[in-house]
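Input: a single structure, listed below in structure tokens.
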Amino acid sequence: METHIAKRVEIVIEAPLERRLAEALNTAGVTGYTILPVLGGSGRSGKWSREGQVGRAGMVAFVCLIRPDRLDGLLDAAFTVVDKHIGVVSITDAQVLRAERF
Amino acid sequence: MNEILSLAGSNLVSPIILSFALGMAAALARSDLTIPEAVAKGMSIYLLFAIGFKGGVAVSAHGVDATLIMSLVAGLLLSFIMPLLAFAILRVLTGLTATDAAAVAAHYGSISIVTFVAATSVLQGRMIDAEGYMVAVAAVMEAPAILSALWLVARSGGSGRIEPGLMREILLNGSIVLLVGAFAIGAITGEKGLEEISAFIVSPFKGVLCLFLLDMGLIAGRGLRQSKGVLGAGAVGFAVLMPMIGSAIGLGLGMLVGLSLGGIVLLMVLAASASYIAVPAAMRVALPEANPAIYLTLSLGVTFPFNLTLGIPLYLAAAQIVTGG
């Protein structure tokens, strides 16, 4: 099966910022991403868990798979939102099937 | 004095408080007891709907009067002014930065609807009536404190900002929409509407409140356990002192407006309570530099348990003494 090179960008960000990040990505032309709930974790700001929360607490994870030449545009857009906030941005090399979808 | 102690004692052994204590103890003891997020949100929706609906029914029975308008204005004023006072006290008592102090101050200008619900439950247990529209007063007190806090940060040279969409998010926050919407439905349908759904929103209310407070206890306990070393004595002192100052201002305003004994107690509780749902989310957007461990632990880990256990009976006793009720 033929595969194609892509970049997998994972952005873990505070839940109240979800809409803003989605809008920034859409504006930058990145319309394909998946948003996942994050159960809990630990980091520089301490431990946290999603259990029992009633407000918009906790974090969400955006997962985007894009062509390598579109990476900088995505990161520039994401940075305007995540700059000052708690979260993690990571980029990994990936292989995808059906390159025309990315 | 005996009356106050007896009231505080009976409040402490109520199922509501003991459920909260159980959650807190379980979290501090590192038990794996948890309430799933979806269940907690479901209970929160139920409580907001029930309290809003019952408030609306009470207004439909008694009608709208000048005291209602005055109470709403008093609530708005309290929410705008309390953060300024809280900020000044924090700057004296603690070494918090202007941004952290403003973020904490926003929480103390806004309200805790669960504390409000617990107070209405205590009043009902003592057969003390309160104005149904106090629910609407609670709703108007959610947001103005956020604006005051952002003004405080801007004044201190910080970068607090109201970006496009934030005000809409604050004002159309799910809990405000549900509370006000249920209030409107209650006001429109009145006693007849209440009769139709009372088996759902009246009888199970206290049981659901107990489970919800169990969850609040778990969250508060976890927060306290994970925030060791974050808070100084001054900050903890503030979290106990501020509710008492707020309640005293609420007492004065409640009397000025002409509320009943129950209404005064509820205004005191609203002024004494600190937000831990709507404001934290707004602060993460508007003041990302502020440390959430500080404001969440103070509001949920210190002030909320204080109000629930000692504050509510204390405010009730104070209101009874001052009003002669």
(request) Any chance you could look up the accessible area of A:SER49 with a 1.4 Å probe, heavy atoms only, rounded to 10 Å²? (result) 40 Å²
(message) Probe radius 1.4 Å, ligands and nucleic acids ignored: give me the carbon and sulfur share of the accessible area of chain B as a rounded percent.
(response) 70 percent
(request) Using a/c under 1.5 as the rounded threshold, could you call the range B:43-117 rounded, prolate or oblate? The axes a ≥ b ≥ c are square roots of the C-alpha gyration tensor eigenvalues, and prolate needs a/b larger than b/c, oblate otherwise. (result) oblate
(message) Tell me the accessible surface of A:ASP72 in square angstrom (1.4 angstrom probe, heavy atoms of protein chains only), to the nearest ten.
(response) 110 Å²
(request) Provide the FRET efficiency to the nearest 0.05 for the B:VAL64-B:MET167 pair, computing r from the beta carbons and using R0 = 30 Å. (result) 0.65
(request) Evaluate peptide B:222-234: per residue, the Cβ atoms of other protein chains within 10 Å of its Cβ; return the mean as an integer. (result) 1
(request) Please give the length that would be gained between B:SER156 and B:LEU256 if that part of the chain were fully extended, namely 0.36 nm times their separation in residues minus their C-alpha to C-alpha distance (nm, one decimal). (result) 32.7 nm
(request) Counting only heavy atoms of the protein chains, get the accessible area per residue of the range A:4-101 (1.4 Å probe) and round it to a whole Å² value. (result) 55 Å²
(request) Would you kindly derive the ³J(HN,Hα) couplings of the range A:71-77 from the backbone phi angles with the Karplus curve 6.51 cos²θ - 1.76 cosθ + 1.60 (θ = phi - 60°), listing them in order in whole Hz, with x for Gly and Pro? (result) 4, 4, x, 5, 5, 4, 5
(message) With θ taken as phi - 60° and the coefficients 6.51, -1.76 and 1.60, list the Karplus ³J(HN,Hα) couplings across the range A:78-83 in order, rounded to whole Hz; mark glycine and proline as x.
(response) 5, 5, 4, 9, 8, 2
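Rolling a 1.4 Å sphere over the protein heavy atoms, what is the accessible area per residue of the range B:171-222, to the nearest Å²?
Per residue, the range B:171-222 has an accessible area of 47 Å².
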(request) Pull out the extension gain between B:LEU76 and B:LEU241, defined as 0.36 nm times the separation in residues minus the alpha carbon to alpha carbon distance; nm, one decimal. (result) 57.2 nm
(message) Let me make sure I get this right: for chain B, a, b and c are the square roots of the gyration tensor eigenvalues over alpha carbons, sorted descending. Under 1.5 in a/c it's rounded, otherwise prolate if a/b > b/c, else oblate. Which is it?
(response) rounded
(message) To the nearest hundred square angstrom, how large is the accessible surface buried between A and B, total for both chains, probe 1.4 angstrom?
(response) 1800 Å²
(request) Sort out for me the Cα centre separation of the range B:104-161 from the range B:264-292, rounded to whole Å. (result) 7 Å
(message) Could you give each residue of the range B:52-65 its phi-based ³J(HN,Hα) in whole Hz, using Karplus coefficients 6.51, -1.76, 1.60 with θ = phi - 60°, and x for Gly or Pro?
(response) x, 4, 5, x, x, 4, 4, 5, 5, 6, 9, x, 9, 9
(request) Provide B:MET244, B:MET43, B:MET70 ordered by accessible surface of protein heavy atoms (probe 1.4 Å), highest first. (result) B:MET70, B:MET244, B:MET43
(request) Please calculate the 1.4 Å probe accessible area of B:LYS54, with all protein chains present, and give it to the nearest 10 Å². (result) 50 Å²
(request) Order these peptides, B:255-263, B:198-206, B:75-83, by their mean beta-carbon neighbour count within 10 angstrom, highest first. (result) B:75-83, B:255-263, B:198-206
(request) Tell me which residues come under 5 Å, amide H to amide H, from A:MET59 once H is placed; ignore anything under 5 positions away on its chain. (result) A:ALA15, A:VAL38
(message) Give the lysines whose C-alpha is closer than 18 Å to that of B:LYS192, dropping any in the same chain fewer than 8 places away, or say none.
(response) B:LYS54
(request) Determine the shape class of the range B:128-233: with a ≥ b ≥ c the square roots of the Cα gyration tensor eigenvalues, call it rounded for a/c under 1.5, and otherwise prolate if a/b is greater than b/c, oblate otherwise. (result) oblate
(request) Could you check the simple spin-label distance between B:PHE200 and A:ARG44, using points 7 Å along Cα→Cβ, in nm with one decimal? (result) 4.7 nm
(message) If you average the alpha carbon positions of the range B:38-54 and of the range A:5-21, how far apart do those two centres end up, in angstrom?
(response) 31 Å
(message) Can you order the peptides B:94-100, A:83-89 by their average number of other Cβ atoms within 10 Å per residue, highest first?
(response) B:94-100, A:83-89
(request) Enumerate the amide H contacts of B:ILE35 below 5 Å, restricted to partners 5 or more residues apart or on another chain; note that Pro and chain-start residues carry no placed amide H. (result) A:GLY52
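The values are calculated or read from the model by the stated rules, or taken from the named source; none is laboratory data. Keep in mind that what you see is a predicted model, and the values were worked out from it rather than measured. Glycine gets a Cβ as well: all are built from the backbone with ideal geometry, and neighbour counts include every protein chain shown. The accessibility values were calculated without ligands, DNA or RNA, using every heavy atom of the protein model including side chains. Shrake-Rupley method; radii C 1.70, N 1.55, O 1.52, S 1.80 Å.
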